[in-house]
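This report concerns only the one structure given below.
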Amino acid sequence: MTLLTAETYVFDAPSHLKIVAKRYTTPLSTHDVGGLTLLFTHGIGSHKEQWEPVIQHLFESQCTKDKSYRIREAWSFDWQNHGDAAVLNREALKLRPEGVSACQWSEAITDFVRSPRMKGHRIVGLGHSAGAATVLLTTKGMPSNDLPFVAMILIESTIVTREVFNEKREDRIPAVDFAVTATSTRRDTWPSREQALAYFKKRLPWGSWDPRVLQILVDHGLETLPSGEVSLKWDRKQEAISYSDVEPHFEGALHLGQICHTVPIHLMWGARKDFVPDFIRDSLSDATEGRIVASVTKVKNAGHLVSPALGQNI
């Protein structure tokens with residue numbers, strides 16, 4: 001198994017919040033200065049470490065690749081109100097009942113992408129669900145002829161045009177309302193990590209996940225309380241309100257049509273349509289509307305939570 005080194009970084013973000021990221025490298029990868037830098041963003045209710053099985057597998061598959069396609073390093077980011085970032089921002093988030101928009105998350109990552117640290121890097125953005133809009137919007141305001149991204153992979157993206165959303169509003173609003181209600185009332189505290197793991201294993205969606213991703217949730221997504229119990233690191237109300245934040249998805253659809261002529265956009269869908277309906281999937285690759293994508297892939301035996309469900313097998 002390839003030895004991965006993970007380093008944690010904390011960066012300032014707009015609105016006096018912090019974002020937390022992990023940088024993954026191997027003893028050899030940092031010498032591949034012409035290689036790719038992968039940038040991962042997660043969906044609502046997840047955290048940066050969910051990508052670790054995927055990152056591990058990608059690094060392990062490098063030995064046969066041309067140097068220009070090898071991985072130089074990988075970065076995975078927490079949303080400001082998720083994961084370790086939620087812990088750092090806990091007091092500030094109490095003053096933000098409206099939550100943190102995916103647009104605000106993308107602004108923070110944009111600052112990182114534009115920083116001297118990333119100068120000369122060939123970046124591939126990979127975003128899941130709401131994280132797809134986030135990674136796409138990191139290029140907002142950048143000159144189209146000077147984008148640092150060489151490709152983007154949008155996995156089970158929830159990006160949709162305002163027009164398509166409004167046409168299907170009666171179908172989508174109940175789904176959004178259900179997600180908000182279910183998340184707001186979901187259990188988030190357990191007597192121990194072992195009991196939390198047992199709880200997740202018996203319930204959907206967690207019970208269908210790759211066991212490594214589920215263990216990572218227990219190891220990195222939970223924190224120990226003064227009482228000795230364990231709880232999710234993020235506030236479930238902050239998570240819930242994110243589902244009704246649809247503006248970034250509208251903006252993402254507009255932006256996709258602008259940058260797809262410069263940056264290859266690859267769409268990945270689960271073959272099981274349990275969250276993103278056909279009208280959203282079809283609209284994102286509608287060439288008549290100027291949204292021209294480089295590829296569309298369907299993953300067998302997977303639904304919306306394709307990344308946690310399949311782990312490295314994605």
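Read the figures in this text as sums done on the coordinates, not as results from a lab. Computed from a prediction, not measured in an experiment: that's the story for all the values here. Here Cβ is always computed from backbone atoms with ideal geometry, including for glycine, and neighbour counts include all displayed protein chains.
Take Arg162 and Lys67, extend 7 Å from each Cα along the Cα→Cβ direction, and tell me the distance between the two endpoints in nm.
For the pair Arg162/Lys67, the computed spacing is 4.9 nm.
Sort Trp206, Trp105 so the one with the fewest other Cβ atoms within 10 Å of its own Cβ comes first.
Trp206, Trp105
In the stretch 256-303, what trypsin sites (Lys or Arg not before Pro) fall in a loop by DSSP, with at most 10 other Cβ atoms inside 10 Å?
Qualifying residues, ordered by number: Lys300.
Work out, step by step, the length gained on full extension between Glu170 and Glu98: first 0.36 nm times the residue separation, then minus their alpha carbon distance; give nm to one decimal.
23.6 nm
For Asp274, Asp78, Asp235, what's the fewest-to-most ordering of other Cβ within 10 Å of each Cβ?
Ordered from fewest to most neighbouring Cβ atoms within 10 Å, Asp274, Asp78, Asp235 come out as Asp274, Asp235, Asp78.
Looking at this model, which pairs from Lys140/Lys237; Lys94/Lys140; Lys202/Lys298; Lys94/Lys233 are more than 23 angstrom apart at the alpha-carbon?
Table pairs above 23 Å Cα-Cα are Lys140/Lys237; Lys94/Lys140; Lys202/Lys298.
Which of Tyr69, Tyr24 comes first, and how do the rest follow, when ranked by fewest Cβ neighbours within 10 Å?
Least to most surrounded, the residues fall as Tyr69, Tyr24.
List the residues of the stretch 37-79 whose backbone N lies under 18 Å from a point placed 7 Å from the Cα of Leu147 along the Cα-to-Cβ direction.
37-41
Using each residue's phi in the stretch 202-207, evaluate 6.51 cos²θ - 1.76 cosθ + 1.60 at θ = phi - 60° and report the 3J(HN,Hα) Karplus result to the nearest Hz, with x for Gly and Pro.
For the stretch 202-207, the Karplus-derived couplings read 8, 9, 7, x, 4, x Hz, x marking Gly and Pro.
Is the shape of the chain rounded, prolate or oblate, going by the alpha carbon gyration tensor and its root eigenvalues a ≥ b ≥ c, with a/c under 1.5 for rounded and a/b larger than b/c for prolate?
It comes out rounded by the Cα gyration axes.
Which helices, counted as full DSSP H runs in the chain, have an axial Cα extent of no less than 20 Å and a Kyte-Doolittle average of -0.5 or above?
For the chain, where a helix must reach 20 Å along its axis and average at least -0.5, the hits are 169-184.
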